[in-house]
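Structure first, commentary second.
Every number here is computed from the coordinates shown, using simple stated rules; none is lab data. Since this is a predicted model, take the numbers as computed values, not measurements. Cβ: placed from backbone, ideal geometry, glycine included. Neighbour counts: every protein chain shown.
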Amino acid sequence: MNSQFGLANVWSQGDIVTKAVALLLLLMSLASWMVIIIKTLDLIRYKKISRAAEGFWHSEDFAAGLAKLGADPANPFRQLALEGREATLHHRVTRAHLHDALDVSDWVTRTLRNTIDEFTAKLQSGLAILASVGSTAPFVGLFGTVWGIYHALLAIGAAGQATIDKVAGPIGESLIMTALGLAVAIPAVLGYNALVRGNKGVLHKLNRFAHDLHAYFVTGARVSTGEAGGMANVVSMKKA
C-alpha cells in the first residue's frame with residue numbers, strides 16, 4: 001500500500017516535466033551543499049590564519065614576521081605584507097612612471113587596497129550560487145506542484161471519480177515538490193547568511209592588519225589605538 005504513494009511514486013508516475021523539476025532541484029541542492037562545505041572549510045582556515053597573524057608584530061624584524069606568517073601563498077596576510085614591501089621598495093627605487101609620482105602613503109594604500117579587493121572577490125566567490133538557489137528553489141518546487149496538480153486533476157476528471165480518497169493521494173504527492181523546493185532553499189539561505197557573516201569577520205581583521213602595515217611602511221612603526229583612545233606606536237620593527 002505504501003509503495004503506491006510517496007516520493008518514489010511521484011518519480012515513477014511523473015512525466016518528463018516532473019522528473020526534470022526533481023532533477024533540477026537535486027542539482028541545485030548538490031551545488032549549494034558543495035559551496036557551503038568548501039567555503040566553510042576555507043573560512044575556518046582563514047580564521048586560523050588571522051589568529052596567528054598577530055605574531056607578526058611580535059617579531060624583531062620584517063623577515064622574522066614573514067616567517068611567522070608561514071609560506072602558504074594563499075595566506076592573505078602574508079600576501080598583504082609582501083605586496084606592501086614591494087610597493088614601498090618600488091617607490092623608493094624608481095620614479096620612471098607616472099604612478100611613481102604619488103606620495104608613498106597613497107601608493108602603499110593603493111597597493112594594499114588592491115590586494116584586499118582581490119582577496120574579497122575570492123572570498124565571496126560561490127555565494128552567488130547560494131543566493132540564486134535560495135531565491136529560486138521554492139518557485140521551482142511550486143512549479144512542479146502546480147504541474148503535478150494539473151495532471152492529477154485531469155486524471156481524476158477522466159476517471160469520473162472525485163472522492164476524497166481519489167483526490168488526496170495525487171494532489172498530496174504533487175505537494176511534495178513544494179516541500180522539496182523548501183528543503184533545497186532553506187539550507188542555501190542559512191548557509192549564505194552564515195558565510196557572509198564569517199567573511200565580514202575575516203575581512204575586518206585583514207583591513208586592520210593592512211592599516212598597521214600601512215603605518216609600518218610609511219613611518220616604520222605599527223600604529224594602534226591606545227587605552228586612552230589616542231594613537232600610539234606599539235611595535236617598532238627593522239625595515240625590510
For region 192-202, 3J(HN,Hα) per residue [Karplus equation, 6.51 cos²θ - 1.76 cosθ + 1.60, θ = phi - 60°, Hz, x = Gly/Pro]
4, 4, 5, 5, 4, 5, x, 4, 5, x, 5
Relative exposure of LYS47, LYS200, judged by other C-beta atoms within 10 Å (fewest first)
LYS200, LYS47
Neighbour-count ranking [beta-carbon atoms within 10 angstrom, fewest first] of ILE36, ILE44
ILE44, ILE36
In nanometres, the difference between 0.36 nm per residue of separation and the alpha-carbon distance of LEU30 and GLU118 is 29.0 nm
For a quick check: sort ARG51, ARG110 by the number of other beta carbons within 10 angstrom, fewest at the front.
ARG51, ARG110
Simple SL model, points at 7 angstrom along Cα→Cβ for GLU60 and VAL17; separation in nm is 7.6 nm
Calculated FRET efficiency for the pair LEU127/ILE186, C-beta based, R₀ 22 Å, to 0.05
0.85
